[in-house]
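Here, each number is a calculation from the coordinates, and none is a lab measurement. Keep in mind the model is a prediction, meaning the values are calculated, not measured. Note: ideal-geometry Cβ built from the backbone for every residue, glycine included; neighbour counts use all protein chains shown.
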Amino acid sequence: MPEKALTDRFGRTVNYVRLSVTDRCDFRCVYCMAEEMTFLPRQQVLTLEEIARLARTFTALGTEKIRLTGGEPLVRRDILELVREIGGYGLKDFAMTTNGSQLPQMADDLRKAGLHRLNISLDSLDEDKFRRITRTGKLSQVLDGIDAACEAGFTGIKLNTVVMKGRNDEEIPDLVDFARRKGIDITFIEEMPLGEISEHDRGEAFCSSDEVRDIILQKHDLVATTKDSGGPARYYQIPGSSTRVGFISPHSHNFCATCNRVRVTVEGRLLLCLGNEHSVDLRRVLRGHPVTDDKLRETIINAMDLKPERHHFSTNGEVQILRFMNMTGG
Ligand code: SAM
Ligand code: SF4
């Protein structure tokens with residue numbers, strides 16, 4: 001039993017934590033980063049021990065699910081050590097979101113280190129378009145990474161696709177077919193206004209989940225599943241296949257009422273909501289109280305009162321949150 005479950009002012013239990021382990025990345029996806037990025041100096045980034053201490057403390061406070069993200073978690077040098085450590089905490093679910101570029105050489109080790117699940121981002125199956133979206137990414141590496149993850153024995157692999165009109169919306173049916181062939185799930189995400197971007201107008205590129213669903217329905221039936229994903233995605237089954245298609249629609253279908261999660265940035269800022277700036281500096285507590293976890297526990301418990309009722313994203317492309325997604329941890 002946890003020492004104390006985390007509950008907010010609206011009666012929501014928080015049992016899911018996303019930890020960002022780096023702000024760095026080998027890609028520069030147009031919706032996530034600027035082309036020229038300045039990354040944080042090392043002393044501002046949490047150490048491996050500090051991240052593990054946070055994970056342990058959250059677990060003691062009832063966290064059942066941890067996801068490692070970034071930036072690109074697999075470019076952090078000591079990532080396997082961290083996975084091994086957290087893999088030993090007995091979590092119900094221990095997952096990672098990755099761009100997949102390092103999976104060809106790392107999938108097997110990650111599985112052996114105790115990671116349960118992988119979400120792999122894939123926005124295009126066309127080499128040139130993939131390059132234009134990620135700026136620096138190589139499609140074949142990611143496709144090899146997906147195969148490596150399947151071969152390493154990961155189950156519940158999920159692809160994440162951010163849909164943008166004029167960039168990859170015409171590939172939606174192909175991406176669904178690809179997921180079907182691989183026997184994995186795919187989730188389509190509406191782009192969120194995080195950070196100032198230069199290469200497309202978010203308002204013009206916005207493609208709602210309903211539009212994506214209508215495009216898929218021209219080729220496949222979608223049967224709503226009753227299974228609760230425990231997250232913001234709504235899932236549909238393609239009849240005759242194991243593949244589920246999910247939609248994350250921060251704009252068109254608000255999911256805040258059932259939000260069970262918080263995020264910790266790579267600098268140790270506890271974010272209570274992706275769409276709000278409320279945060280609590282856990283790094284100061286970690287470094288100011290290196291011996292016992294009492295103060296850390298108390299700070300996390302009290303922070304729950306700051307969790308806002310909902311986010312307020314607009315679809316006109318206006319930036320409402322200045323931090324980029326790589327800082328936040330997607
Ligand atoms: N580098 C890893 C990756 O790409 O999977 C993990 C971090 S990335 C920030 C996590 C997820 O956030 C990715 O699926 C990415 O597509 C998504 N993402 C980034 N910026 C976004 C935005 N502005 N709106 C919606 N999703 C975004
Ligand atoms: Fe890197 Fe992921 Fe952001 Fe793309 S979405 S730039 S892969 S952190």
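A few points about this structure:
- The DSSP beta bridges internal to the chain are antiparallel in roughly 30% of cases.
- For the chain, the longest principal axis of the alpha carbon atoms and the long axis of helix 139-151 meet at an angle near 70°.
- Peptide packing for 235-242, 29-36 was compared via the average number of neighbouring C-beta atoms within 10 Å per residue; ordered from the highest value, the list is 29-36, 235-242.
- Within straight-line cross-link reach of K129, lysines at Cα separation under 16 Å, skipping those fewer than 8 residues along the same chain: K138, K165
- In a DSSP loop and with at most 16 other Cβ atoms within 10 Å, the trypsin sites (Lys or Arg not before Pro) in the range 112-145 are R135, K138.
- Cross-link table K65/K295; K182/K219; K92/K182; K158/K182; K65/K158, entries beyond 20 Å C-alpha to C-alpha: K65/K295; K92/K182
- Here the peptides 40-48, 69-77, 287-295 are ranked by packing, the mean other Cβ count within 10 Å, and the order with the highest first is 69-77, 40-48, 287-295.
- Residue-averaged [θ]222 nm for the chain, counting only DSSP H segments that reach four residues, each worth -39500 (n - 2.57): -8500 deg cm²/dmol
- Packing rank of 99-111, 210-222, where each peptide gets the mean count of other beta carbons within 10 Å, highest leading: 99-111, 210-222
- Taking the charge dipole of the chain about its Cα centre, with +1 at Lys and Arg Cβ atoms and -1 at Asp and Glu Cβ atoms, the residue from L122, I172, Q43 reaching farthest to the positive side is Q43.
- When the range 6-328 is reduced to its Cα atoms, the Kirkwood hydrodynamic radius in Å: 20.1
- Relative contact order (%) - the range 53-183, alpha-carbon pairs under 8 angstrom, separation at least six: 23
- Dipole magnitude for the range 257-304: computed about the Cα centre from +1 point charges on Lys and Arg Cβ and -1 point charges on Asp and Glu Cβ, it is near 100 debye.
- Gyration tensor verdict on the range 1-112 (Cα atoms; rounded if a/c is under 1.5, prolate if a/b is larger than b/c, oblate otherwise): prolate
- Checking Cβ-Cβ separations below 4.7 Å across the chain identifies C25, C150, C207, C256, C259, C273 as cysteines lacking any candidate disulfide partner.
- Computed across the range 142-282, the Kirkwood radius stands at 16.7 Å (inverse of mean 1/r, all Cα pairs).
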